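Scroll down for the structure; my scribbles are underneath it.
The values are calculated or read from the model by the stated rules, or taken from the named source; none is laboratory data. This one's a predicted model, so the numbers in the text were calculated from it and none came from an experiment. Note that each Cβ is placed from the backbone with ideal geometry, even for glycine, and that neighbours are counted across all protein chains shown.
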Amino acid sequence: MNHHSPATSLVAARVVELRRYSLRPGAFEDLLRLFEERLIAGQEEVGMRIGGILVDEDDPDSFVWWRGFADMEHRRQALEAFYYGPVWREFRDRANSTMLDSDDVILLRQTDPPHGSGADRGLEEGARDAVATAILRHSGSSELEFWFSTEFHSALEETLGASVATWRSEPAQNTFPRLPVRSEPALVWTATFPSRFDREVALTRLGEALPQLLEGAPHSPTPRTELMRLRPTRLSKHLAPTIPADLTSQ
């Protein structure tokens with residue numbers, strides 16, 4: 001059976017995971033080295049697409065990374081092949097020894113309409129990039145999801161001056177329960193900037209504009225929002241920084 005995913009980038013994947021691990025103090029570099037030397041290749045060989053591998057600038061003991069799959073069936077096949085296979089069997093004890101908690105995982109799919117056109121960064125291309133990623137936990141309102149991917153998305157790109165990729169919770173059953181995922185609904189957006197300075201200027205603008213932007217949200221409980229300021233690691237394949245076409249023409 002061919003496990004290889006036809007997804008050519010993270011944004012082309014129909015199913016993605018946003019994974020955040022809480023690590024033992026000082027263990028980040030140990031886990032990162034293991035990823036770079038063994039675990040990235042081992043996962044991609046069975047059909048996963050490894051995306052961003054990121055440092056949380058506000059929590060040095062947090063390991064943030066993305067991986068994508070062609071669809072839920074490819075996800076099941078790839079996870080079974082990897083986690084029951086020789087690479088994980090050899091290195092799981094070393095990996096697990098760095099972690100305090102590995103269950104903060106959100107299973108996602110593209111929004112409707114989808115957003116995220118663009119390419120992943122090539123290996124070692126994004127050393128100076130800075131990433132902002134936000135998680136919005138909400139009640140599961142379909143009206144809120146539509147507003148998030150239409151009106152809010154347009155305003156977010158205009159305010160940040162950068163292309164924004166978006167995802168929503170994947171409602172399908174987790175077919176690999178050995179790896180749990182969080183059950184509450186979530187919306188996620190992420191944007192990449194050429195530098196930390198560019199990101200901080202953009203986030204300052206967003207902070208000033210956000211109260212007005214949220215006025216257009218459907219009447220439902222206000223989503224709990226968590227914003228992460230992230231720094232890509234050497235082999236991170238996060239989204240490349242781009243400016244939306246409608247902004248370049250202004």
So in the stretch 111-131, with the set limited to residues that are at pLDDT below 95 and surrounded by 20 or more Cβ atoms within 10 Å (Cβ to Cβ), which one is farthest from VAL55 (Cα to Cα)? HIS115
Output the residue which, of all residues in the stretch 207-234 that are buried (at least 18 other Cβ atoms within 10 Å of the Cβ) and among the hydrophobic types (A, V, I, L, M, F, W, C), is nearest to TRP147 (Cα to Cα). MET228
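Does ARG38 satisfy being surrounded by 15 or more Cβ atoms within 10 Å (Cβ to Cβ), in contact with a Ser or Thr (Cβ under 8 Å, 6 or more places away or on another chain) and either assigned to a helix (DSSP H, G or I) or modelled with pLDDT of 95 or more (or both)? Full working, then the answer.
Numbers: surrounded by 15 or more Cβ atoms within 10 Å (Cβ to Cβ): yes; in contact with a Ser or Thr (Cβ under 8 Å, 6 or more places away or on another chain): no; either assigned to a helix (DSSP H, G or I) or modelled with pLDDT of 95 or more (or both): yes.
No, not satisfied.
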Does any residue of the stretch 215-225 turn out to be out of contact with any strand residue (DSSP E or B) (no Cβ under 9 Å at 6 or more places or on another chain), closer than 17 Å to ALA134 by Cα and assigned to a loop (DSSP other than H, G, I, E, B)? yes
Filter result (of a type in the set (A, V, I, L, M) and farther than 18 Å from PRO223 by Cβ) within the stretch 188-208: VAL201, ALA202
Taking the stretch 147-179 as the region of interest, how many residues are under 20 Å from the mean Cα position of the chain (by Cα) and assigned to a helix (DSSP H, G or I)? 9
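Based on this model, can you work out whether VAL87 counts as assigned to a helix (DSSP H, G or I), over 17 Å from LEU123 (Cα atoms) and touching a Gly at 6+ places or on another chain (Cβ under 7 Å)?
Details: assigned to a helix (DSSP H, G or I): yes; over 17 Å from LEU123 (Cα atoms): yes; touching a Gly at 6+ places or on another chain (Cβ under 7 Å): yes.
So VAL87 fits the description; yes.
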Residue in the stretch 133-141 that is among the hydrophobic types (A, V, I, L, M, F, W, C) and more than 21 Å from GLU184 (Cβ to Cβ) present: no
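Quick grid of which residues meet (1) of a type in the set (Ser, Thr, Tyr); (2) under 30 Å from TYR84 (Cα atoms):
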residue: SER142; (1), (2): yes, no
residue: THR150; (1), (2): yes, no
residue: HIS153; (1), (2): no, no
residue: GLU158; (1), (2): no, no
residue: GLU170; (1), (2): no, yes
residue: GLN173; (1), (2): no, yes
Any residue in the stretch 84-95 that is at negative phi and without any contact (Cβ under 8 Å) to a residue 40 or more places away in the chain sitting within a Cβ distance under 7 Å of a residue that is among the β-branched types (Val, Ile, Thr) and exposed (fewer than 14 other Cβ atoms within 10 Å of the Cβ)? List the pairs, counting only those 6 or more apart or interchain. none
Could you check the stretch 41-68 and list, in sequence order, the residues that are among the charged types (D, E, K, R), farther than 21 Å from LEU100 by Cβ and outside any strand (DSSP E or B)? GLU44, GLU45
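Could you tell me which of the residues GLU158, GLU170, GLU145, GLU151 is free of Cβ contacts under 8 Å to residues at least 60 places away in the same chain and of a type in the set (D, E, K, R)? It would help to see each step written out before you state the result.
Working: GLU158 fails: free of Cβ contacts under 8 Å to residues at least 60 places away in the same chain; GLU170 fails: free of Cβ contacts under 8 Å to residues at least 60 places away in the same chain; GLU151 fails: free of Cβ contacts under 8 Å to residues at least 60 places away in the same chain.
Unique residue meeting the criteria: GLU145.
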Return the pair list, or none, for Cβ contacts closer than 8 Å from residues in the stretch 65-82 that are among the polar types (S, T, N, Q) to residues that are surrounded by fewer than 19 Cβ atoms within 10 Å (Cβ to Cβ), at least 6 apart or on different chains. GLN77/MET1; GLN77/HIS3
Could you list all residues from the stretch 137-185 that are crowded, with 21+ Cβ neighbours inside 10 Å and more than 26 Å from ALA70 (Cβ to Cβ)? HIS138, LEU144, PHE152, LEU156, LEU160, ALA162
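Yes/no per residue for (1) within 22 Å of the chain's Cα centre (by Cα); (2) outside any strand (DSSP E or B):
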| position | (1), (2) |
| --- | --- |
| ARG76 | yes, yes |
| ALA81 | no, yes |
| ARG94 | no, yes |
| LEU100 | yes, no |
| LEU107 | yes, no |
| GLU124 | yes, yes |
